[in-house]
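Nothing in this text is a laboratory measurement; each read-out follows from the coordinates by a stated rule. What you see is a predicted model, and the numbers here were worked out from it, not measured in a lab. Cβ placement follows ideal geometry from the backbone for every residue including glycine, while neighbour counts extend to all protein chains displayed.
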Amino acid sequence: MNSIRIYLDMDGVLADFVPAMLAAHNRTSPWEEQDKCGIPVEKGSNLEQLLGLTPEQFWSVANYDFWRTLPLTPWASAMVQAASQQFGKDVYI
């Protein structure tokens with residue numbers, strides 16, 4: 001019998017990536033800002049571009065300690081527990 005594997009995403013699901021990345025770059029959320037015409041910046045926009053950083057600059061702060069100390073979302077523990085209860089050992093993060 002084939003088993004079901006469940007993969008839980010970290011970015012925005014289990015871990016609060018965006019606030020941590022903003023803090024690592026000492027920046028505030030670009031989504032609370034408006035563009036030059038006064039239109040709110042779309043939430044789906046590319047964060048590194050909104051911050052005016054190259055990909056290299058953006059990811060340079062994502063070292064071991066960044067990932068190790070990434071804060072969990074408020075629902076992370078409950079989500080992992082529920083998935084583990086339902087699917088057992090076939091839950092991956």
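Details
- Under Karplus coefficients 6.51, -1.76 and 1.60, residue-wise ³J(HN,Hα) of region 58-63 in Hz, glycine/proline x: 4, 7, 4, 8, 8, 8
- Close amide H contacts of Ile6 (hydrogens built in the peptide plane, cut-off under 5 Å, sequence separation of 5 or more or a different chain): Val91, Tyr92.
- Spatial separation of Cα centroids for region 5-31 and region 68-93, in angstrom: 16
- Calculated FRET efficiency, Thr73 to Asn46, Cβ-Cβ distance, R0 = 25 Å: about 0.70 to the nearest 0.05.
- Listed peptides 65-71, 18-24 by packing density, highest first (mean Cβ within 10 Å): 18-24, 65-71
- The local environment of Ala15, defined by Cβ-Cβ distances under 12 Å, has a net charge of -2 under the rule Lys, Arg +1 and Asp, Glu -1.
- Whole-Hz ³J(HN,Hα) from phi, Karplus 6.51 cos²θ - 1.76 cosθ + 1.60, for region 6-15, glycine and proline x: 10, 10, 9, 6, 8, 5, x, 9, 9, 10
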